[in-house]
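Only one structure is covered here, and it is reproduced in the block below.
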Amino acid sequence: MAKATFQKPKGTADLYGQNVLAWQKIEQQARLIFSRYGYGEIRTPIFESFDLFSRSAGDTSDVVTKEMYDFFDKGDRHMALRPEGTAGVVRAFVENKLFGPEHEKPYKTFYMGPMFRYERPQAGRFRQFHQIGVEAFGSTEPSLDAEVITMVVKFLDSLGLKDLKVALNTLGDQESRAAYRQALIDYLKPHEAELSKDSQVRLEKNPLRVLDSKDKNDQVIVQGAPTIFDYLSEESKAHFEAVKGFLNDLGIQYEIDPAMVRGLDYYNNTIFEVMTTDPDLKGAATIAGGGRYSGLVEEFGGPETPGIGFGLGVERLIALLTAQNQLNLKASGLDFYLAHIGDASQALTLELATKLRDLGFSADLDFAGRSVKAQFKTANRRQARFVITIGDEEVATKQVKVKDMVTGKQAAMDLSKMDEQIEDVMAELVAEEAE
RNA sequence: GCGGUAGUGGUGAAGUGGUUAACACACUGGUUUGUGGAUCCAGCAUGCGAGGGUUCGAUCCCCUUCUACCGCCCCA
């Protein structure tokens with residue numbers, strides 16, 4: 001240990017053994033549900049030009065100014081590890097001309113993978129974290145908003161997540177938003193001195209942010225603030241009403257949260273977050289967030305194309321599922337464990353294991369030259385259903401013993417006729433157990 | 001980026017300025033030599049995150065650093 005040792009980079013994690021089971025289940029479930037909704041997977045690079053992200057997120061946002069994991073490559077290009085998924089997907093959408101006539105509209109796609117943010121790790125927050133996200137381009141229909149929201153909810157439901165809450169809000173279109181922003185400033189300015197220091201800064205940079213301040217005094221002031229609903233254009237109002245109507249029809253529970261804001265500039269109209277009301281997980285309450293956006297595709301050189309999407313944090317999801325005890329996943333036990341006695345039987349044992357695997361069974365054997373007793377202990381720990389014992393005797397007779405680890409019963413099996421006998425032998429042993 | 005707490009074996013952990021760093025779990029071996037989950041026995045940290053310093057002597061005191069965790073900012 002005095003040797004130089006390596007540690008994983010700050011804010012990253014190694015996942016193995018029991019832990020990956022949850023990841024596999026979540027990813028599998030996402031693929032399954034999303035494909036049912038007509039979303040196909042897209043895989044984009046993990047790093048892109050720094051400008052791609054700074055352009056999409058806005059130069060003043062925290063993500064760009066202090067959280068970007070950026071570097072200069074050997075060609076002196078300013079690159080960044082993707083802090084979120086949307087920018088890369090939009091870039092790919094434009095670059096590959098997925099807006100073309102041969103592609104379905106809306107173009108519905110999903111992605112999953114690691115994202116990076118250079119920040120201080122803490123509860124449910126890492127430098128490398130993972131998101132599963134969805135984007136749909138080319139439709140402004142409110143039914144699409146409803147579909148996307150429904151899909152997240154169904155996905156999380158399918159994992160057994162409890163205490164879910166969909167918070168819904170609208171930011172209106174450009175004009176609504178600009179008008180509201182001004183109204184908010186007009187309202188807050190006279191209170192500026194009473195606001196918390198953080199909110200005073202927010203008032204300058206992004207007044208909407210003041211709305212979801214955690215400061216108690218701020219919250220009191222905010223209560224008297226005008227709401228976006230008074231500044232919504234007819235179109236935005238109609239859109240929002242339609243979304244709510246569809247969600248009602250679909251039986252999706254939601255709550256209007258006028259204080260909810262999304263950080264990035266390109267959001268408009270519907271925005272939503274999926275959170276948990278589980279009080280034990282305040283630090284990781286929001287699991288998914290998303291909404292409608294416009295202007296992004298044009299920003300990257302594509303035709304004017306509206307988009308809607310969401311991203312969800314896998315680590316947070318897992319933390320939640322774990323807290324709610326929904327991840328009692330077990331690696332499945334072995335079908336066969338092969339115990340061999342002595343070196344002479346090793347070749348036959350390996351051969352037999354391979355044959356069983358070819359037949360579709362899971363099988364494993366000892367590679368440490370341990371005693372039969374120890375091998376049986378291992379078989380037990382591995383939850384092997386059957387143990388086949390192979391020693392000199394078996395090598396000579398070409399007949400092995402198959403032991404049912406549940407009943408303790410043993411049966412003989414001819415190796416030469418294993419293909420035909422194996423099922424019968426298993427059935428016979430299992431049948432005895434049922435008696 | 002700022003503030004706080006912590007860092008002992010595979011795991012959970014006790015511990016003290018000074019001979020062999022508790023205990024438990026796990027693991028390995030054994031309990032008459034080719035058969036499991038119980039019991040019992042035995043083994044299992046030349047080292048207490050790393051690097052310096054104080055001291056006759058430090059895992060225990062000081063400094064630096066790394067990492068984890070908590071809070072702020074922000075967010076998934």
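The values are calculated or read from the model by the stated rules, or taken from the named source; none is laboratory data. Keep in mind it's a predicted model, so treat the numbers as computed, not measured. Cβ atoms come from the backbone with ideal geometry, glycine included; neighbour counts cover every protein chain shown. Keep in mind that these areas ignore ligands, DNA and RNA; they rest on the heavy atoms of the full protein, side chains included. Shrake-Rupley method; radii C 1.70, N 1.55, O 1.52, S 1.80 Å.
Anything in segment A:33-57 that is in contact (Cβ under 8 Å) with a residue 12 or more places away in the chain, under 14 Å from A:MET112 (Cα atoms) and surrounded by fewer than 16 Cβ atoms within 10 Å (Cβ to Cβ)? List them, or say none.
Within segment A:33-57, A:GLY40, A:GLU41, A:ARG43, A:PRO45, A:ILE46 meet the criteria.
Report yes if A:VAL210 is part of a helix (DSSP H, G or I), away from RNA strand B (no atom under 16 Å from the Cβ) and either closer than 20 Å to A:TYR266 by Cα or out of contact with any Gly (no Cβ under 6 Å at 6 or more places or on another chain) (or both), otherwise no.
no
Can you tell me which residue within segment A:168-180, out of those that are in contact with a Leu (Cβ under 6 Å, 6 or more places away or on another chain) and not hydroxyl-bearing (Ser, Thr, Tyr), is surrounded by the most Cβ atoms within 10 Å (Cβ to Cβ)?
A:GLY172
Out of all the residues in segment A:134-167, which are part of a strand (DSSP E or B), farther than 18 Å from A:PHE110 by Cα and open to solvent by less than 40 Å² (accessible area, probe 1.4 Å)?
A:VAL166, A:ALA167
From A:VAL94, A:VAL90, grab the single residue that is under 22 Å from the mean Cα position of the chain (by Cα), assigned to a helix (DSSP H, G or I), in the same structural domain as A:ASP265 (by TED's automatic domain parsing) and surrounded by 12 or more Cβ atoms within 10 Å (Cβ to Cβ). Before you say what the answer is, go through the steps one by one.
Numbers: A:VAL94 fails: under 22 Å from the mean Cα position of the chain (by Cα).
Only one candidate passes the filter, namely A:VAL90.
Residues A:ALA242, A:ALA225, A:ALA238: which one is surrounded by fewer than 22 Cβ atoms within 10 Å (Cβ to Cβ), modelled with pLDDT under 85, away from RNA strand B (no atom under 16 Å from the Cβ) and not in a strand (DSSP E or B)? Working first, answer last.
Values: A:ALA242 fails: modelled with pLDDT under 85; A:ALA238 fails: modelled with pLDDT under 85.
Within the list A:ALA242, A:ALA225, A:ALA238, the selection yields A:ALA225.
Which of the numbered conditions does A:ALA183 fail, given that it passes all the others? Conditions: (1) more than 28 Å from A:VAL297 (Cβ to Cβ); (2) within 13 Å of RNA strand B (Cβ to nearest atom); (3) surrounded by fewer than 19 Cβ atoms within 10 Å (Cβ to Cβ).
(2)
Take the residues in segment A:371-389 that are more than 6 Å from RNA strand B (Cβ to nearest atom) and either open to solvent by 70 Å² or more (accessible area, probe 1.4 Å) or in a loop (DSSP other than H, G, I, E, B) (or both); name whichever of them is farthest from A:THR407 (Cα to Cα).
Once the filter is applied, the top-ranked residue is A:ARG382.
Could you check A:ILE308 against (1) within 13 Å of RNA strand B (Cβ to nearest atom); (2) within 30 Å of A:TYR266 (Cβ to Cβ) and say which number it fails?
(1)
Which count do you get for residues in segment A:1-32 that are surrounded by 12 or more Cβ atoms within 10 Å (Cβ to Cβ), small (Gly, Ala, Ser) and not assigned by TED's automatic domain parsing to the domain that holds A:ARG125?
Residues meeting the conditions: 2.
So, in segment A:360-370, exactly how many residues are surrounded by fewer than 17 Cβ atoms within 10 Å (Cβ to Cβ) and either more than 6 Å from RNA strand B (Cβ to nearest atom) or not assigned by TED's automatic domain parsing to the domain that holds A:ASP419 (or both)?
Of the residues in that region, 6 qualify.
Of the numbered conditions (1) open to solvent by less than 40 Å² (accessible area, probe 1.4 Å); (2) more than 23 Å from A:PRO83 (Cα to Cα); (3) touching a strand residue (DSSP E or B) at 6+ places or on another chain (Cβ under 7 Å); (4) in a helix (DSSP H, G or I), A:GLU315 satisfies every one except a single condition; which is it?
So A:GLU315 meets the others, but not (2).
Of the conditions (1) part of a helix (DSSP H, G or I); (2) charged (D, E, K, R); (3) under 21 Å from the mean Cα position of the chain (by Cα), A:ASP51 clears all except one; give me its number.
(3)
Look through segment A:325-356, keep the residues that are of a type in the set (S, T, N, Q) and open to solvent by less than 30 Å² (accessible area, probe 1.4 Å), and return whichever of them is modelled with the highest pLDDT. First the steps, then the outcome.
As a first pass, look at segment A:325-356 and keep what is of a type in the set (S, T, N, Q): A:325-326, A:328, A:332, A:345-346, A:349, A:354.
Of the ones still in play, those that are also open to solvent by less than 30 Å² (accessible area, probe 1.4 Å) are A:345, A:349.
Details: A:SER345: 87, A:THR349: 93.
Per the criteria, the residue is A:THR349.
Output yes when any residue across segment A:101-122 is in contact (Cβ under 8 Å) with a residue 24 or more places away in the chain, touching a Gly at 6+ places or on another chain (Cβ under 9 Å), among the aliphatic types (A, V, I, L, M) and assigned to a loop (DSSP other than H, G, I, E, B), and no when none is.
Scanning segment A:101-122, I find no residue that is in contact (Cβ under 8 Å) with a residue 24 or more places away in the chain, touching a Gly at 6+ places or on another chain (Cβ under 9 Å), among the aliphatic types (A, V, I, L, M) and assigned to a loop (DSSP other than H, G, I, E, B), so the answer is no.
Inside segment A:186-207, can you point out the residues that are within 30 Å of A:HIS239 (Cβ to Cβ), away from RNA strand B (no atom under 15 Å from the Cβ) and either among the aromatic types (Phe, Trp, Tyr) or at pLDDT below 80 (or both)?
A:TYR187
Quick one: would you say A:SER213 is small (Gly, Ala, Ser) and surrounded by 16 or more Cβ atoms within 10 Å (Cβ to Cβ)?
yes
Which ones in segment A:390-401 are out of contact with any Asp or Glu (no Cβ under 6 Å at 6 or more places or on another chain) and within 10 Å of RNA strand B (Cβ to nearest atom)?
Hits for segment A:390-401 are A:ILE390, A:GLY391, A:ASP392, A:GLU393, A:GLU394, A:VAL395, A:ALA396, A:THR397, A:LYS401.
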